[in-house]
Each structure stands twice: as C-alpha cells, then as structure tokens.
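The values are calculated or read from the model by the stated rules, or taken from the named source; none is laboratory data. If you're wondering where the values come from, they're calculated on a predicted model, not measured in any experiment. For neighbour counting, all protein chains shown are included, and Cβ atoms are generated from backbone atoms with ideal geometry for every residue, glycine included. Note: accessible area is taken over every heavy atom of the protein model, side chains too, but ligands, DNA and RNA are not part of it. Shrake-Rupley method; radii C 1.70, N 1.55, O 1.52, S 1.80 Å.
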Amino acid sequence: MPPYQRRNDPELSAAFAKDPADEDFLEGLNLQLAPREEAGYRDLPEELPTLHVVGAPRSGTTLMYQVIVSELGLGYVNNLIASFWLAPTHGIRLARKLGLHEIERSSFESDFGRTPGALEPHEFGYFWNHHLRYPDMRQRGPEHDETIDWANLRRVLINMAAAYGRPMAFKPMLLTWHLPTIAERMPLTRFVWIRREPREVALSLLRMRRSLLGTTQGWTSLRPADISDDLAPWDQVAAQVVAIEASIDAARRAIGDDRFLVCLLYTSDAADEHRDV
C-alpha cells in the first residue's frame, strides 16, 4: 500500500468546512484498519467490470453517478463506505451487513458534489488521492504516472468488486489524468463521459468557488497544469474546462470509442440559476 498522506485541501467557507475532530477520528480508524485490509486482499482475476463516470467538474458527473447507481444495480461507494478510504472492503462488508450497501432510488440532490444520506453515492476522493499519490487536485506531469502502484490499485478495485459481488461504478475525478493507464491495466473497465455546454460549466465553477471558498480567487476541484494564477478567475475556469475536456477526449481516442459512452447534458440558464447540478 502506498504511504499515507492526508490530502491538502483549501480552506473552505463555514457552510462546507469539515469538522477537524471527525477528520482525525476517521483518519485514525482507517490507519488502524489498513494493515488488516491489506492482509485480506486476494490475488483475483478481473471478472467483474468497472465503470468510471468522467467529465469536467460541474458538468453533471454527480447526477450521472446517481442515475447509474439508481438504475443499473451496480456496486458503488456510498457515503458510509467512503469513510473507509484505506479499508474499502471493510466498508463494503459493514454496509452489506447493515443493509446499507444499495439504494432503491437516489434523491438526485447534491451540493457541489456532496450528496445527502448514507446511501447516496460518494466521490471517494481520499481513496483516489491516496492511491494515485496526489496531495491535492493539481495535475502532475506525465512522469507521475510511473510513481503510481497500478498493480496494487488494480488489486484493491478487484477486491472491492468481489466484496460487493457486483460490477462497480466510481466517479474518480483525479483518474481523469490517467484514464489510458487504468484502461490498459484493467481491460474490462468502461467509461461514461458526461458533457455539458462549456460556458455553463465555467459559470458553475465560478459559483462553486464563491460558495466553497467565499471568493472566486482560488481553485476548486481539478486544476490542470500550466494555468497561471495571474489570469482573471473567469479566464481560469474557462481554461480549466477546456483543458479537462481535451484530456478526456485524448484519452477516449487512445482507449477507443468502444469503451466510452458519451452523454450530453443540456440545461437552460434559467434552470441553472435555481438548481445547479
């Protein structure tokens, strides 16, 4: 297992700030369970497919994830299981024991990616930061791919699906930078790419900054490389959307259309003002 490092997050506004005591408790619990988790992994073949929801932040990835887990009967990481980012099969087994491992129908509600209730799907960000060796959400150079223990990540994902007993769906934002590699390492992996009109995505990213940070002067979610802090916020979010979309499109072309499903989300300005998904 890669060495653990707590993710470095920006300071959030009061409405979105996490409780430090809760964070310390969950981190300690995970560190206690991690050795037992690691010892329990089996070297299994990839028999159950993995589905990844990808897209620019604020493009509808959370909504697409909620639709998938509501309608397709796949295994997924909910808000309970996400608490076990260093011991995910423990989280899955606990959720199954308690009958809290699946949802009949999502509320289809979210607040900048955060979903309500134990059963709603979770991004599982701490897990992906840990296994992809990112201390934050900023894109690294191509050489970073070689620092990731892909064999271990493959083993963890396969064991998670085995613990669930189903194919699994994820919404892994950081994996955006590494889609061809995970596709090569796990041939059964498929991708759903949700796309939204770029102007709407950029405007929503500005609102996200204002809500999470209390200002538009600061980065939220994925940060592509080579976008200057000297740019105006509206130029930054525009470049953010273009760079992420270009990265996913390059991955699609490298992996092949037979493993990608592209979905377009259409929204109106008026609807977006009232419910920004």
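Structure above, values below:
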item	result
Sequence ranges 101-113, 151-163, 7-19, ranked by mean other-Cβ count within 10 angstrom, highest first	151-163, 101-113, 7-19
Helix 198-213 axis, angle to the chain major axis (alpha carbon atoms, nearest 10°)	80 degrees
Accessible area per residue in Å² at 1.4 Å probe, computed on the chain	47 Å²
222 nm mean residue ellipticity, helices alone, for the chain (DSSP H n ≥ 4; -39,500 (n - 2.57); rounded to 500)	-13500 deg cm²/dmol
Rounded Å value of the spacing that divides the Cα centres of the range 49-69 and the range 208-223	21 Å
Per-peptide average of other Cβ atoms within 10 Å, ordering 185-198, 37-50 highest first	185-198, 37-50
Under 5 Å, built H, 5+ apart or other chain: amide partners of THR189	THR50
Under the Karplus curve 6.51 cos²θ - 1.76 cosθ + 1.60, θ = phi - 60°, whole-Hz ³J(HN,Hα) for the range 19-28, x wherever Gly or Pro sits	6, x, 5, 5, 4, 5, 4, 5, 5, x
